1. Which one of Ala38, Ala44 is outside any helix (DSSP H, G or I) and either touching a residue at least 12 places away in the same chain (Cβ under 8 Å) or acidic (Asp, Glu) (or both)?
2. Kindly check whether there is at least one residue in segment 8-21 that is in contact with a helix residue (DSSP H, G or I) (Cβ under 8 Å, 6 or more places away or on another chain), modelled with pLDDT under 95, surrounded by 15 or more Cβ atoms within 10 Å (Cβ to Cβ) and of a type in the set (Phe, Trp, Tyr).
3. Which condition does Ala162 not pass, out of (1) surrounded by fewer than 12 Cβ atoms within 10 Å (Cβ to Cβ); (2) within 20 Å of the chain's Cα centre (by Cα); (3) not hydroxyl-bearing (Ser, Thr, Tyr), if it passes all the others?
4. Any residue that is over 18 Å from Ala38 (Cα atoms), acidic (Asp, Glu), surrounded by 12 or more Cβ atoms within 10 Å (Cβ to Cβ) and without any contact (Cβ under 8 Å) to a residue 24 or more places away in the chain - is there at least one of those in segment 113-122?
5. Among what's in segment 135-169 and is in contact (Cβ under 8 Å) with a residue 40 or more places away in the chain and of a type outside the set (A, V, I, L, M, F, W, C), pick the residue that is farthest from Thr101 (Cα to Cα).
Amino acid sequence: MVTIEAVSARSGVGKPTIYKYWPNRLAVAIDAFAARMASEVPPADLGDARSDLTEQVRRVAAFYASPAGTVLTQLLAATATDPAAAQQLRDRFLAGRWAQTEVMWHRAVARGEVRAGITPEVAIDVLFSPVIYRLLVRHAPIDPPAAAAIADAVLGGLLAPAPSPDGTA
C-alpha cells in the first residue's frame, strides 16, 4: 500500500510539502497515473477523424492492457463508494483526457467529418467506454485488433457519411 510516508521517503520531500499539493494519497496516485498516461498516450493527429480517433482508441487500449490498467481498476474501485474520491478522479485525471480528445473532436467538426449534433462528451463516452468495460469485466481482450474493431464500429455512427463519387452523401 502506498502511504504519504512512503511517498515522502522515496521523494525526499517532507510530508507537509506533499500535503500542500495533494489532500490525500489517492490524489497523489491519481496525479501520478494521469502524468504517466499523458506522457505515454499523446493525442493523435494524423490528419483525419477516422485515423485520429482510431489511433487514440488503440493507444488508450494499449495503455490499459499494460500493468497501468490494473492501476486504473484500483483507482476506480477506490472511488466506487466515495463521492469525493470520484470527484478527484474526474477533476485530476479524466478532465485532462477529455480535453485532449475534445481537441481531436473539434478538429473533426471543423473539417466536416462528423455527424452534426454529436457532442464531444457523447463521442468520448462511446469511443472509450467499451475499452474500460473490457478492462473491468475482462470478458474479451484489449489488444490492437479489438481496439480497431471498437473504433470502427463506433465511428460508423459518429462520422459523417463519406460523399459518393458523384458528390452526394
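The values are calculated or read from the model by the stated rules, or taken from the named source; none is laboratory data. Just so it is clear, the model here is predicted, and its values are computed rather than measured. Cβ placement follows ideal geometry from the backbone for every residue including glycine, while neighbour counts extend to all protein chains displayed.
1. Details: Ala38 fails: outside any helix (DSSP H, G or I).
Result of the check over Ala38, Ala44: Ala44.
2. No, segment 8-21 contains no residue that is in contact with a helix residue (DSSP H, G or I) (Cβ under 8 Å, 6 or more places away or on another chain), modelled with pLDDT under 95, surrounded by 15 or more Cβ atoms within 10 Å (Cβ to Cβ) and of a type in the set (Phe, Trp, Tyr).
3. Every condition holds for Ala162 apart from (2).
4. yes
5. If we take residues in segment 135-169 being in contact (Cβ under 8 Å) with a residue 40 or more places away in the chain and of a type outside the set (A, V, I, L, M, F, W, C), then Pro141 is farthest from Thr101 (Cα to Cα).
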